[in-house]
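Any read-out appearing in this document is the output of simple, stated calculations on the displayed coordinates, not a laboratory observation. Because the structure is a prediction, the values reported are computed rather than measured. Note that we place each Cβ from the backbone using ideal geometry, even for glycine, and neighbour counts take in every protein chain shown.
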């Protein structure tokens, strides 16, 4: 465990420095407690030291002088409360407030106290103190304390601001403007700049794309071989042991940039190869700590192998089996020390090598449809033993019938035949569907149009009158017969009544004439029906 000498720590105030590092401030209290928790020694520590008193001491560091611009902030340790306000204000750095929140979270978890929002400190005062240094322009938002304009410290304090607001459930800032500030001030010559830009991107889920090559160059240039330490910038020879922890954190948790190459469409019976190459902000290779698998429901788990160029490769055969058709859905999973850190979905569309030959013959109202279908299995074409072919028949766009094809199975192909007679005129459409183990829901292989028109024979008598016209004509003629008969009867009665009828012979002749007319009309109608 490496400890800095006491003279390394900075006991300055706003007048002399923007960087502080009091050994007994909230920051080191948090780091000590967190270390004890990680090595499972916090219970032993709590038996010797009263953590409740420690919690109260941290809460007592809040500065609550109402007329001060630092109202709501935190001193680095409780003992400074004995000084006058003018001196106390010089020791109030925003970093103290951030590590106070981290200490409260940790102690609340250890002591099972619940949310820090329910703890006895003035949250409104802290919120007002924080709000006073938030800078918002038309395009950017950042946090700039009155005691510094250093861009790296501004980035650091902007991260602290976001963290505190989120933990108090008071975050309502324009995230896009914060992102703009980061991108406008990204500096690949300063590791503190890169680290806190990464931390802001992580806490706000910005998914910023950092330049890995520039980060590699920066990390290598900052390491001092003789001192075995990192300096903070290429332009500033300031050593800080925290830099090593920053680099480890980014190496462990920064997102992987993955290049993945494979055949998205492939024939059954072929070999597919998946090639992976990945890195993160810090690492280009991961040694023996990494394991990569390809997992799907159709196959057993398969493992990638590392290649000479630090890429990873897996080749696998896709059988000619219906369970691998029409797609294979799987996942590439990347594990580091047995912990899953990344999943990548792989979807492979499989294809079937089959030959479909079609022949159609249309004769008057009949249609003959033939299909010759074969599939390439184990290097040679084979017949479709378990397949069926059907035709959905549509008349004027309405399904009227479904008919199965006759099938003749040969050694290397299957012959399908359908003969269909259309009994009415109009537009027919035949939708051909293949069904088998590969296509259990059916495959539409063809759509065949067929228009039927009855042809007239020159020697055949064609009636002049069509059905509807003939019916109307019969109705008219029947009405005429009735009218003529009625009128004739009335005329006879009138002549008898008026005594104008001279003799019976004339009357009979007139009746015969009327009957002749009726008979001729009936004969004509009968002839029309017979025709």
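Shape analysis of the range 401-446 places it in the oblate category; the axes a ≥ b ≥ c from the Cα gyration tensor give an a/c of at least 1.5, with a/b not above b/c.
Judged by the gyration tensor of its Cα atoms, with axes a ≥ b ≥ c, the range 354-452 is prolate; a/c meets the 1.5 cut and a/b is the larger of a/b and b/c. Taking label positions 7 Å along the Cα-Cβ direction at both residue 410 and residue 302, the computed distance is 3.6 nm, reported to one decimal. When a/c reaches 1.5 or more, the comparison of a/b and b/c decides; with that in mind, is the range 257-350 rounded, prolate or oblate per its Cα gyration tensor? Prolate, since a/c reaches 1.5 and a/b exceeds b/c. Per-peptide packing, taken as the mean over residues of other Cβ atoms within 10 Å, places 140-150, 394-404, 207-217 in the sequence 140-150, 207-217, 394-404 from highest down. The distance from the alpha carbon centre of the range 138-152 to that of the range 175-201 is 12 Å, rounded to a whole number.
When you count the other C-beta atoms within 10 angstrom of each residue and take the mean per peptide, 231-238, 59-66 line up highest first as 59-66, 231-238.
Taking the number of Cβ atoms within 10 Å of each Cβ as an exposure proxy, the fewest-first ranking of 203, 178 is 203, 178. With the simple spin-label model, which puts each label point 7 Å out from Cα in the Cβ direction, the residue 435 to residue 239 separation comes to 8.0 nm. Give me the distance between the Cα centres of the range 234-272 and the range 84-128, rounded to whole Å. The two parts, judged by their Cα centres, are 36 Å apart. When you work out D = kT/(6 pi eta Rh) for the range 192-256 at 10 °C and 1.306 mPa s, using the Kirkwood radius from C-alpha pairs as Rh and the Stokes-Einstein form, the result is 127 µm²/s. Hey, with R₀ at 22 Å, roughly what FRET efficiency would residue 361 and residue 382 work out to, going by the Cβ-Cβ distance, to 0.05? It comes to 0.20.
If R0 is 45 Å, the Cβ-Cβ spacing of residue 252 and residue 67 corresponds to a FRET efficiency of close to 0.45.
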